[in-house]
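Right, one structure below, let's go through it.
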Amino acid sequence: MGKIAQGILGGLSGKVGNVIGGSWKGIDYIRIKPSSVANPRTEGQVNQRNKFTITLEYLQATKSFIKIGYKSFATKKTEFNAAMSYVLNNAVGGVAPNFTVDYANALLSRGPLSGVLNGTTDLATAGQVSFDWGDNSAEGNANATDKAMVLVYNPSKKESISILDGADRIIGSQVVTIPNTYVGDTVELFMAFVSADGTQVSNSVYLGSGTAA
């Protein structure tokens with residue numbers, strides 16, 4: 001039997017359902033064991049597995065973004081585990097057993113750096129997504145040299161395309177090239193900023209969805 005020492009994902013040792021936890025070099029980790037016909041399938045267990053599954057799909061596809069976005073939360077846990085804990089507790093909704101990720105609350109980056117001002121996207125040009133934002137480099141703790149982090153998430157393909165050191169905040173625009181295989185797919189769009197030295201990030205913002213051209 002597994003033990004959760006500090007609340008959900010705060011320090012899991014052993015096995016709980018199909019979730020296996022442990023520690024490696026002082027860092028807590030989790031992984032999902034594939035379900036088998038021998039596993040109990042009570043309603044509560046099925047619901048929990050469904051929540052884990054949709055959260056894992058979302059975060060596995062965006063883990064390069066998370067690696068930077070949750071860096072400051074990786075204390076005795078990985079950036080991925082920190083993001084997993086946050087999304088599970090703050091951004092999984094819907095009616096059981098058909099749970100969904102609430103993208104507006106499923107932050108891929110969390111931090112004190114000033115965020116995105118008036119972010120918009122444009123998918124009209126074939127093979128690309130344009131991200132645009134206002135220049136707020138004179139406000140708060142923002143800097144003109146902060147780098148845009150932009151991400152195009154394709155849920156149907158369970159993958160994403162991202163730029164993690166994009167245009168300076170003062171520039172106000174960044175284009176992401178997407179593959180031809182995305183044409184006709186619905187994509188979810190996210191953005192954040194990281195300081196030029198990589199020490200601070202902003203909360204990510206969800207900029208909505210669109211159909212890739």
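The values are calculated or read from the model by the stated rules, or taken from the named source; none is laboratory data. Just so you know, these numbers come straight off a predicted model, no measurement behind them. Cβ: placed from backbone, ideal geometry, glycine included. Neighbour counts: every protein chain shown. For the accessible areas, the whole protein counts, side chains as well, though only heavy atoms, and no ligand, DNA or RNA atoms are used. Shrake-Rupley method; radii C 1.70, N 1.55, O 1.52, S 1.80 Å.
The figures follow:
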| item | result |
| --- | --- |
| Surface per residue (accessible, 1.4 Å probe) for segment 48-108, Å² | 45 |
| Two-decimal Rg to Rh for segment 75-127 - Kirkwood Rh, Cα set | 1.09 |
| Over segment 86-184, volume per residue of the alpha carbon convex hull, in Å³ | 123 |
| For segment 47-99, with +1 on Lys and Arg beta carbons and -1 on Asp and Glu, the positive-most of LEU59, THR78, ASN47 along the dipole | THR78 |
| Segment 60-68 - phi-based ³J(HN,Hα) in whole Hz, Karplus 6.51/-1.76/1.60, Gly and Pro as x | 4, 6, 10, 5, 5, 5, 4, 4, 8 |
| Farthest toward positive dipole pole in segment 86-213 [+1 Lys/Arg, -1 Asp/Glu at C-beta], among ASN141, ILE163, ASN89 | ASN89 |
| Amide proton proximity set for TYR206, modelled H, under 5 Å, gap of 5+ | none |
